[in-house]
Amino acid sequence: MEWPVEGEAAFVVRPADFNDLPKLLLLYRDLNPDDPELALPEAESRLGSLLRITGSAIFIGLLDEEIVSTVTLVVVPNLTRAGQPYGLIENVVTATARRGRGYGRKTLLQAVATAWDHGCYKVMLLTGSNRPETHNFYRSAGLEQNKTGFQMRRIAARRD
């Protein structure tokens, strides 16, 4: 299914499929350029695992067939909140040359809308960025910074 973005006939947000993986992996280099490259067969296996979780997807924003933005949504089954799931958003990336034009926000909002469609009672994300423009981006999309996050890492955090 595709969701055209109003006012931008050439920009479309849709779930990624296996054919999108080579271009998607290139876009992820904008997020973590020092990460080791993920081989395509392994990427296919990981995407298959993600897609088996109902409601979960990697959304891509396409501008004339170029992947310019992406957001991963994982819908997590839950036993609290009367069994309502929650959404975890990760890997929010917009191509460096395409930032500041609303593509990332539109892709993020489609992920949030999908979480609501799957009965999530909340969506959440963590960012390792200390850059004010990153925080302002999330606020402009309607997210609130109102919780304290904790994490334990096995791989060192990226620096920006």
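Among the residues of the stretch 78-87, are any surrounded by 14 or more Cβ atoms within 10 Å (Cβ to Cβ), within 17 Å of the chain's Cα centre (by Cα) and not in a loop (DSSP other than H, G, I, E, B)?
Within the stretch 78-87, one or more residues are surrounded by 14 or more Cβ atoms within 10 Å (Cβ to Cβ), within 17 Å of the chain's Cα centre (by Cα) and not in a loop (DSSP other than H, G, I, E, B).
Could you say whether any residue in the stretch 95-107 is within 21 Å of LEU51 (Cβ to Cβ) and surrounded by 18 or more Cβ atoms within 10 Å (Cβ to Cβ)? Please lay out each step first, then the result.
We begin by selecting, within the stretch 95-107, every residue within 21 Å of LEU51 (Cβ to Cβ); these are 107.
With the extra rule that they be surrounded by 18 or more Cβ atoms within 10 Å (Cβ to Cβ), the set shrinks to 107.
Scanning the stretch 95-107, I find at least one residue that is within 21 Å of LEU51 (Cβ to Cβ) and surrounded by 18 or more Cβ atoms within 10 Å (Cβ to Cβ), so the answer is yes.
Looking only at the stretch 54-64, decide whether some residue is within 20 Å of ASN19 (Cα to Cα) and exposed (fewer than 15 other Cβ atoms within 10 Å of the Cβ).
As a first pass, look at the stretch 54-64 and keep what is within 20 Å of ASN19 (Cα to Cα): 55-64.
Still in the running and exposed (fewer than 15 other Cβ atoms within 10 Å of the Cβ): 64.
Yes, there is a match, as at least one residue in the stretch 54-64 is within 20 Å of ASN19 (Cα to Cα) and exposed (fewer than 15 other Cβ atoms within 10 Å of the Cβ).
Write out, first by first residue and then by second, each pair whose Cβ atoms fall under 8 Å of each other, whose residues are 6+ apart or on separate chains, and whose first residue, in the stretch 110-124, is on the phi > 0 side of the Ramachandran plot while the second is surrounded by 15 or more Cβ atoms within 10 Å (Cβ to Cβ) and outside any helix (DSSP H, G or I).
What qualifies is GLY119/PRO85.
Considering each of LYS147, LYS122 in turn, give the residue that is in contact with a strand residue (DSSP E or B) (Cβ under 8 Å, 6 or more places away or on another chain) and more than 27 Å from ARG14 (Cβ to Cβ). Step through it out loud before you land on a result.
Details: LYS122 fails: more than 27 Å from ARG14 (Cβ to Cβ).
Being in contact with a strand residue (DSSP E or B) (Cβ under 8 Å, 6 or more places away or on another chain) and more than 27 Å from ARG14 (Cβ to Cβ) holds for just one of LYS147, LYS122, which is LYS147.
If you scan the stretch 52-77, which residues turn out to be over 14 Å from ASP117 (Cα atoms), touching a residue at least 40 places away in the same chain (Cβ under 8 Å) and part of a loop (DSSP other than H, G, I, E, B)?
Within the stretch 52-77, just ASP64 meets the criteria.
Do we find that LEU27 is without any contact (Cβ under 8 Å) to a residue 40 or more places away in the chain, surrounded by 12 or more Cβ atoms within 10 Å (Cβ to Cβ) and either of a type in the set (Asp, Glu) or not in a strand (DSSP E or B) (or both) in this structure? Please lay out each step first, then the result.
Values: without any contact (Cβ under 8 Å) to a residue 40 or more places away in the chain: no; surrounded by 12 or more Cβ atoms within 10 Å (Cβ to Cβ): yes; either of a type in the set (Asp, Glu) or not in a strand (DSSP E or B) (or both): yes.
No, not satisfied.
Looking at the stretch 20-77, which of its residues are of a type in the set (Val, Ile, Thr) and out of contact with any Phe, Trp or Tyr (no Cβ under 7 Å at 6 or more places or on another chain)?
Applying the first criterion (of a type in the set (Val, Ile, Thr)) to the stretch 20-77 yields 53-54, 58, 60, 67-68, 70-72, 74-76.
ILE53, THR54, ILE58, ILE60, ILE67, THR72, VAL74, VAL75 - these are the residues of the stretch 20-77 that are of a type in the set (Val, Ile, Thr) and out of contact with any Phe, Trp or Tyr (no Cβ under 7 Å at 6 or more places or on another chain).
For the subset of the stretch 125-148 comprising residues that are exposed (fewer than 10 other Cβ atoms within 10 Å of the Cβ) and in contact (Cβ under 8 Å) with a residue 12 or more places away in the chain, which member is farthest from LEU31 (Cα to Cα)?
Looking at the filtered set, the residue picked out is LYS147.
Hey, any hits in the stretch 105-123 for a residue that's assigned to a loop (DSSP other than H, G, I, E, B) and within 24 Å of LEU27 (Cβ to Cβ)?
The initial filter retains those residues of the stretch 105-123 that are assigned to a loop (DSSP other than H, G, I, E, B), namely 118-122.
If we keep only those that are within 24 Å of LEU27 (Cβ to Cβ) as well, we get none.
There is no residue in the stretch 105-123 that is assigned to a loop (DSSP other than H, G, I, E, B) and within 24 Å of LEU27 (Cβ to Cβ).
Taken together, the values in this text are just the output of simple stated rules run on the coordinates, not laboratory data. Owing to the predicted nature of the structure, the values given are computational and were not obtained by experimental measurement. A quick note on method: Cβ atoms are made from the backbone with ideal geometry, for glycine too, and the neighbour counts reach across all protein chains shown.
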